[in-house]
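Shown next, in structure tokens, is the structure this report addresses.
The values are calculated or read from the model by the stated rules, or taken from the named source; none is laboratory data. Just so it is clear, the model here is predicted, and its values are computed rather than measured. For neighbour counting, all protein chains shown are included, and Cβ atoms are generated from backbone atoms with ideal geometry for every residue, glycine included.
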Amino acid sequence: MNKQEFLIRLRKGLQGLPQNDIEERLTFYNEMIDDRMEEGVTEEEAVSGIGTVDEIVSQIVAETSLSKLVKEKVRPKRALRVWEIVLLTLGSPIWLSLLLAVFAVIFAVYITVWSVIVALWAAELALAVGAFCGVLSSVILIVQVNVIAGIAMIGAGIACAGLSIFLFFGCKETTKGLLFLTKKMISGIKSIFIGRRMENE
């Protein structure tokens, strides 16, 4: 692929981003290809050395903030006519309340899922503290009160330690999974705003 084909495909892939950002990225990659060619590589080698257009587009979209994409999408491409403004104003009690309800439901579900994660980590911490306290109190029980109660407390402490280790890995993987899901959700929302299906990283 030559430089011109690369830049055309890159421009097409970045449609939906703010125009200034598109021009800035095109200039950047144009100069990068020129710099590589000045170092003595062919145009095709310079282009292939940068990476594929899909990878570059995915990276650029991932780096672009969601608020910037939303502003670009909702900004009117032309001045609104009077009747359009009137319809938007009259319909705002309906469409605005529906939009707020959708965002509230999504936010509530997201917070609920994260609260489960926090509860799991709290249980993990409780088991770890229980393990430490169980072993420590068993020493006191063996020395001062009752050997059998001390041995039972050691067993409880070891059981808590084992459960704590087991739960730690579960909490870690669950948290990583939720962070991955969050990243996918943000990528999906961005793809809606730029009007194309993005490749996930």
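Summary table
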item: Single residue of the stretch 86-97 satisfying the filter (of a type in the set (A, V, I, L, M, F, W, C) and surrounded by 11 or more Cβ atoms within 10 Å (Cβ to Cβ)) that is farthest from PHE180 (Cα to Cα); result: VAL86
item: Any hit, the stretch 132-155, residues being in contact with a Phe, Trp or Tyr (Cβ under 8 Å, 6 or more places away or on another chain) and surrounded by 11 or more Cβ atoms within 10 Å (Cβ to Cβ); result: no
item: Unmet criterion (only one of (1) touching an Asp or Glu at 6+ places or on another chain (Cβ under 9 Å); (2) surrounded by 18 or more Cβ atoms within 10 Å (Cβ to Cβ)) for LEU7; result: (1)
item: Candidate set from the stretch 12-63 (those that are in contact with an Asp or Glu (Cβ under 8 Å, 6 or more places away or on another chain) and not hydrophobic (A, V, I, L, M, F, W, C)); member that is modelled with the lowest pLDDT; result: GLY16
item: Helices (runs of 4 or more DSSP H) (entirely within the stretch 2-59) containing at least 1 residues that are touching a residue at least 60 places away in the same chain (Cβ under 8 Å); result: 3-13
